[in-house]
Amino acid sequence: MPGTWGLIWTAEGLVAHGEIDLDAATAFEAQASEAVMLSTVGTFLIDLSDVTFMDSAGLRALVRVLEFHDGQRMIVQPSRQVFTLLHLFGLTNGALPNVLVREAHPD
């Protein structure tokens, strides 16, 4: 059974919640890309602090959004689980230009 997830657009960027997995990855990528393209903020925030699960398909969708819009400065605020995934794939140390991955806050 697919997990539930969602995106909320804010003045600063996006707030995601739930599970971003294989079932959600394509829609997440499309909606997040649209939000970044329509944004007028200098630094776009992708708040993933309420994402409870992300698999490799979700990670791939996130990276595609970040790479496709690499001229836009972005901040990723991950949950502990998402931070661990980003760290395991070497994406927390400046591997993506113009992207700052904040340290995850304890749950």
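Data for the structure
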{"read-out": "Segment 3-44, relative contact order in percent, only Cα pairs under 8 angstrom and at least six apart counted", "value": "40"}
{"read-out": "Residue exposure sequence - 26, 52 - by fewest surrounding Cβ within 10 Å", "value": "26, 52"}
{"read-out": "Given charges at Cβ of Lys, Arg, Asp, Glu: segment 5-101 dipole, positive-most of 30, 69, 48", "value": "69"}
{"read-out": "Neighbour-count ranking [beta-carbon atoms within 10 angstrom, fewest first] of 40, 92, 10", "value": "40, 10, 92"}
{"read-out": "Zone of residue 68's modelled label, taken as backbone nitrogen in segment 6-39 under 13 Å from a point 7 Å along Cα→Cβ", "value": "25-38"}
{"read-out": "Burial ordering of 67, 19, fewest other beta-carbon atoms within 10 Å first", "value": "67, 19"}
{"read-out": "Extension gain from residue 84 to residue 52, taking 0.36 nm per residue of separation minus the Cα-Cα distance", "value": "10.3 nm"}
{"read-out": "Difference of contour (0.36 nm per residue) and Cα-Cα distance, residue 9 to residue 60", "value": "16.3 nm"}
{"read-out": "Cα centre as origin, Lys/Arg/Asp/Glu Cβ charges: segment 2-107 dipole, Debye", "value": "260"}
{"read-out": "Overall dimensions of segment 9-62 by Cα: Rg and Dmax, Å", "value": "10.9, 31"}
{"read-out": "Contact order relative to length of the chain, as percent, for alpha carbon pairs under 8 angstrom and 6 or more apart", "value": "25"}
{"read-out": "Diffusion coefficient, µm² s⁻¹, Stokes-Einstein with Kirkwood Rh over alpha-carbon pairs of the chain at 25 °C and 0.890 mPa s", "value": "182"}
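Read the figures in this text as sums done on the coordinates, not as results from a lab. Note that the structure is predicted; figures quoted are calculated from it, not measured. FYI the Cβ positions are ideal-geometry reconstructions off the backbone, even for glycines, and counts take in every protein chain you see.
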